[in-house]
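To start, the structure under review is shown below, and the notes come after it.
Readers should treat all values here as calculations from the given coordinates under stated rules, not as data from a laboratory. The structure presented is a predicted model; accordingly, all values stated were derived computationally and were not measured. A quick note on method: Cβ atoms are made from the backbone with ideal geometry, for glycine too, and the neighbour counts reach across all protein chains shown.
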Number of protein chains: 2
Amino acid sequence: MSAWLVARGNKKELYLYLWEHACRLYREKVRKGDTQTTDLFEILCQRVLAGCVFMREAPTIYLFILRAFFEENPEIREELQNHYKTAYLHGTEDIRGPADMDLFRPGIDTRLLLEEINGYLLSCYWKMFSTGELNPDSLEKDFLKRVGQWKRVYLKERNH
Amino acid sequence: MSAWLVARGNKKELYLYLWEHACRLYREKVRKGDTQTTDLFEILCQRVLAGCVFMREAPTIYLFILRAFFEENPEIREELQNHYKTAYLHGTEDIRGPADMDLFRPGIDTRLLLEEINGYLLSCYWKMFSTGELNPDSLEKDFLKRVGQWKRVYLKERNH
């Protein structure tokens, strides 16, 4: 971190600097898990499970990112909202890009599906944030159970 | 409201009293919309649309309920968490109870599905809470679009 930043004593700048650094560490972890699968649900699983590994390895950093996401301070919130929007769009394209859409039943809009899965994950993160307790084992188990059902309903029968 | 409550000046008690009253008004509105359908998705739609009507008719009360849900004060949060858990379980049974499970593809766990839909709705409410802007028209339109896809994938083909 550049010394001038600390010397300046700008709390918001410092917070955002730490937040960006924490998110970079998180992204690196999640991307490291990427393999060459073209099954959208497998790609999703790899990312969620990599997130759980990060949660176990660096719980303090994970909690910091979580708290930033649900930050109440309007100045910080406004600043982070645009980052999240961009990150979500990039993240979605990173998942949809390599995914083989032919595995899906005809007419499925995977954008809707990913928004819903993202919303569900947000509710899991909200629970962790509001209790202050990270629970990677429970998230992993819960997510894998749901993936089984999503595959059955969203993919063509031969691809279950 | 009993005069002693105000006179006592217990802010937490007063807050909880107002919160319970607001939730009662909301529940009455949402339940009034109930009809005799046995299609789980129709029941869900009626509830979400009734919530949107309440949002339009009583935006201040709706925002109050929303802010209470995402309340940061740990004392209030702890108090409300149990209420929410109970309300969610009752709400889920009110939806699953009259629903005809024969309409679904075999082996679907509607508890998982309802948790996911609830998680998705929570992410919509979070957006409204964090921007301070209620958007019932957008929620209605968005939800109905998703219901179309859910029916296609979760129900047997003849029931789409």
Average Cα contact separation per residue, chain A, under 8 Å, 6 or more apart, as relative contact order %: 28 percent
Quick check for me: using +1 on Lys/Arg Cβ and -1 on Asp/Glu Cβ, what's the dipole size of the range A:13-98 about its Cα centre, in debye to the nearest 20? 300 debye
How would the protein assembly as shown be classified by its alpha-carbon gyration tensor: rounded, prolate or oblate, with rounded meaning a/c under 1.5 and the a/b versus b/c comparison settling the rest? oblate
What size of dipole, in debye to the nearest 20, comes out for the protein assembly as shown about its Cα centre when the only charges are +1 on Lys and Arg C-beta atoms and -1 on Asp and Glu C-beta atoms? 180 debye
With θ taken as phi - 60° and the coefficients 6.51, -1.76 and 1.60, list the Karplus ³J(HN,Hα) couplings across the range A:102-118 in order, rounded to whole Hz; mark glycine and proline as x. 5, 6, 7, 4, x, x, 6, 9, 6, 5, 4, 4, 5, 4, 5, 5, 4
Quick check: pseudo-label points 7 Å beyond the Cα along Cα→Cβ at A:Thr60 and A:Lys32, how many nm apart are they? 1.9 nm
What value, in deg cm²/dmol to 500, does the helix sum -39500 (n - 2.57) over DSSP H runs of n ≥ 4 give at 222 nm once divided by the residues of the protein assembly as shown? -25500 deg cm²/dmol
In nm to one decimal, list the spacings between the A:Ala58 label point and its equivalents in the other copies, with label points set 7 Å along Cα to Cβ, shortest first. 4.6
Please report, for A:Leu16, the nm distances (one decimal) from its label point, 7 Å out from Cα along the beta-carbon direction, to the equivalent points in the remaining copies, shortest first. 4.1
Measuring nothing but label to label, 7 Å from Cα along Cα→Cβ, what are A:Asn73's distances to the other copies in nm, shortest first? 2.2
Using only alpha carbon pairs under 8 Å that are at least six residues apart, calculate the relative contact order of the range A:59-152 and give it in whole percent. 37 percent
Tell me, what are the semi-axes, in whole angstrom and largest first, of the equivalent ellipsoid of chain A as set by the roots of 5 times the Cα gyration tensor eigenvalues? 32, 16, 15
FRET efficiency for A:Arg158 and B:Lys145, using Cβ-Cβ distance with R0 set to 25 Å, rounded to 0.05: 0.35
Note down the nm distance, to one decimal, between modelled labels 7 Å out along Cα→Cβ at A:Arg67 and at A:Leu89. 3.1 nm
Computed magnitude of the charge dipole of the range A:105-160 (debye, nearest 20; Cβ of K, R +1, Cβ of D, E -1): 380 debye
Just list whichever of A:Lys127/B:Lys85; A:Lys156/B:Lys141; A:Lys151/B:Lys156; B:Lys85/B:Lys141 have alpha carbons separated by over 20 Å in the model shown. A:Lys156/B:Lys141; B:Lys85/B:Lys141
Between B:Leu155 and residues 5 or more places away or on another chain, which pairs have amide H atoms under 5 Å apart, with H built 1.01 Å from N, and which residues are they? B:Arg105
Rounded to whole angstrom, how close does the nearest chain B beta-carbon get to the axis mapping B onto A, and which residue is it? B:Val153, 2
